[in-house]
Every structure is written in structure tokens, then in C-alpha cells.
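Structure first, then comments.
The values are calculated or read from the model by the stated rules, or taken from the named source; none is laboratory data. Everything numeric in this text was worked out from a predicted model, so none of it was measured. Backbone-built Cβ (ideal geometry, glycine too); neighbour counts: all protein chains shown. These area figures cover heavy atoms from the full protein model, side chains too; ligands, DNA and RNA do not enter into them. Shrake-Rupley method; radii C 1.70, N 1.55, O 1.52, S 1.80 Å.
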Amino acid sequence: MSLAHPPGGALVDRYGRVARDLRVSLTDKCNLRCTYCMPAEGLPWLAGPELLTDDEIVRLIRVAVQRLGVTEVRFTGGEPLIRPGLVRIVTEVAALDPRPTISLTTNGIGLDRHAPALRAAGLDRVNVSLDTLDPARFTELTRRPRLDAVLAGLAGAASAGLAPVKVNSVLMRGINDDEAPALLRFALAHGYELRFIEQMPLDAQHGWDRTAMVTADEILASLRREFDLRADPAERGSAPAETWLVDGGPARVGVIASVTRPFCGDCDRTRLTADGQVRACLFATEESDLRGALRAGMDDDELADRWRAAMWGKRAGHGIDDPSFLQPARPMSAIGG
Ligand code: SAM
């Protein structure tokens, strides 16, 4: 195995994986305080000068798309809709040649207002996070009474033509683990595509407990009490979700079983944090500083090379099952989920 990454070309790693899907965190701040993500008081946020500017973000995405073969860009956070420059960033990324696919992961608050402008700017798709349909539970889980705003955001995304609208749900034992069928009924009724995400050890409080986690098998068993699920014959590729046809299809439901059925061997992701650090994996403990490099005057070729070097070191797997596993210092909200 070579110790140095090959010169030029795409973002390859030592295991032959090629990263073409870039997740860009636009902020570490969020307007919700989901109990499994952040403490009630929030976190020590990144200071203004630490954040990449809009121009720096667009420049790094241009490097990724034009020099490193990235074909998909997903904006996330924190909550990306609270970044003032979002529409401008999307407009500039959509003008790149070649044009990447552009998507957004959001909690949906304000999406009804922003969706038409985002669609016009070039946004292709959205994933909206929604863990419960019960207003009291939503308020307890997110510490904010905003279920109506999220539902309005979902409807606004659909009417703006951001198709397919995907819904991401995390189930937690004793909190909302009885809601899988109701969430699927809701998604089917509105034409949204639902995906459940296994809870991962990425919370700021380090309170994740494997034995308490709701597994993919449990989620599927719960859905099967109400729905007929057949494995989706469509090629999965590097998609994190395993999908099932619901009641014969064409509607589908997905499960992202990062913990119990890891898919690291097919991972094609590279991540850029809001403060300009490249991460090869959600669970990486190392980062490579592109912000410092960029501000020190590196040109695009040099930045591309630094990014390649960071990805070359990507580990074979996230290692949650290794006895030596260490949760990354940064929580999900600061990495970009
Ligand atoms: N604020 C945006 C949102 O709500 O979608 C983007 C960031 S949020 C961190 C992205 C996704 O990560 C959400 O669907 C959230 O439920 C999920 N998430 C947060 N912490 C998680 C954890 N420990 N395990 C699995 N998913 C988690």
C-alpha cells in the first residue's frame, strides 16, 4: 500500500473508494435543540472570523467540482437555512461547469418562505428532518414548539418543485420508537420519501448508548406490522439508505443503518465544516485545514492537493464496533450531518 496519494485526479483513498459527494456545513448554529444532538443551552459557537465566508465556500466547492471530480454538493449544518448567504451560494454553485447536483438537509423551519428562491437559484432536492408528528413530543424532543413550521416547510418544498422531498427520522427508545408506521403513513399521504436513520454516537453530550439505540431490524419489524415491505430491486450504489418498496411500490421507505449495517466500503463522501476543515468521515478524529491554507494564499491546485491528501488517509470504516472507538471531538451539528 502506497503511503503517498497519487498526484492529480479525483479524491481517492487507499481502499480504492472515490469521493464524489461533498457535504458542506454552512453553520454550526441551529434554531432547534434536539435532545439527542445538543444541550438546551446550545454549544460554544464558532466565532465569525472562524467561519468560511460565502466566497471562500464557493471557491472550495469550485475546487472540489472542477479539480477533484465532485458531482454532488449537499448543504447542511447546524441549520443551513439560517445562513444569510445561502441563496447566493446556491446560485454560484449552480453556475459551475460542470454543474453539480445541489441538495439541502434542513429542519424545514422557514423552508416554505425560502423554497421558491432556492429552487430558482438551482437547488435540486431537500431532506427535511422530522422525528415525530405529535406536537407535544416535537416540543419535548426539539425544545422548541415548531412542528407546524416544519410541516409548512415540507409542503412549501413540494410546491416549489423540490422533488423528491425526503424526510429523515431518528427513532429513540421510549421517546418516539412507536411512531415508525405513523411517520410512513404521513410520508405516503404527502408523497414524501421517508428514511429512518439509526442514532449514531455523535451527540454533543456523549450520551449515546448502543443498547438503547433503535436498530434497523426493529424499525423494519415495526413497519411490517402495518405495511408489506419488499427489498427495492433498484441498484443501491453508494447511497447510505437501504430501501424497501412499500405495499408493492412505487412508494419506498429507507433505513440508514450506519451502526448495525455499516456501508463504509461504498462510502463516497467528503466533508467540509463551516470553519473550512476537510473530514474524510463523520467519525474521523483528524481534520485537514483548508481555511488556513486558503487564507495563507494557496492557489487552487495546492488546495486540491491538500484535499486529496486528506482523503487518502480515510480509514476503512467508522470503527464504532472497535473496542478502541473514540467518539469524534466535534458533535454532528458542528461537523455537518
Ligand atoms: N439542521 C439540519 C437538519 O435538521 O436536518 C441539518 C443538520 S442535522 C445535524 C442533520 C441530521 O442529523 C438530522 O436529520 C438529525 O436528526 C440527524 N442527527 C443528529 N444527531 C444525530 C445522531 N446522533 N445520530 C443520527 N442522526 C443524527
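Some observations on this one:
- The residue list L32, L11, L43 contains one member that is over 20 Å from T139 (Cβ atoms), within 16 Å of the ligand (Cβ to nearest atom) and in contact (Cβ under 8 Å) with a residue 12 or more places away in the chain, which is L43.
- Within the range 180-202, residues that are within 23 Å of F263 (Cβ to Cβ) have Cβ atoms under 9 Å from residues that are of a type in the set (D, E) and within 16 Å of the ligand (Cβ to nearest atom) in these pairs: A180/E218; L183/D131; A187/E193; P201/D209, counting only partners at least 6 apart in sequence or on another chain.
- Options A182, A149, A163: the member that is aliphatic (A, V, I, L, M), open to solvent by 10 Å² or more (accessible area, probe 1.4 Å) and touching a strand residue (DSSP E or B) at 6+ places or on another chain (Cβ under 8 Å): A163
- Yes/no for L245 being away from the ligand (no atom under 16 Å from the Cβ), open to solvent by less than 20 Å² (accessible area, probe 1.4 Å) and farther than 29 Å from D322 by Cα: no
- Search result, residues across the range 141-192 that are assigned to a helix (DSSP H, G or I), of a type in the set (A, V, I, L, M) and away from the ligand (no atom under 13 Å from the Cβ): L147, L151, A152, A155, A158, A180, A182, L184, A187, L188, A189
- Subset of the range 176-220 that is of a type in the set (A, V, I, L, M, F, W, C) and modelled with pLDDT under 95 - its residue that is farthest from the chain's Cα centre (by Cα): A212
- Residue in the range 14-29 that is farthest from W312 (Cα to Cα), counting only those that are more than 15 Å from the ligand (Cβ to nearest atom) and in a loop (DSSP other than H, G, I, E, B): R20
- First in the range 105-117 and more than 9 Å from L81 (Cβ to Cβ), second anywhere and in a loop (DSSP other than H, G, I, E, B) and within 11 Å of the ligand (Cβ to nearest atom), Cβ under 9 Å, 6 or more apart: T105/G77; T105/G336; T105/G337
- Test: residue in the range 91-102 that is open to solvent by less than 10 Å² (accessible area, probe 1.4 Å), in contact (Cβ under 8 Å) with a residue 24 or more places away in the chain, assigned to a loop (DSSP other than H, G, I, E, B) and more than 16 Å from the ligand (Cβ to nearest atom): yes
- Top-ranked residue of the range 65-88 - restricted to ones that are buried (at least 22 other Cβ atoms within 10 Å of the Cβ) and more than 19 Å from I109 (Cα to Cα), ranked as farthest from the ligand (Cβ to nearest atom): L68
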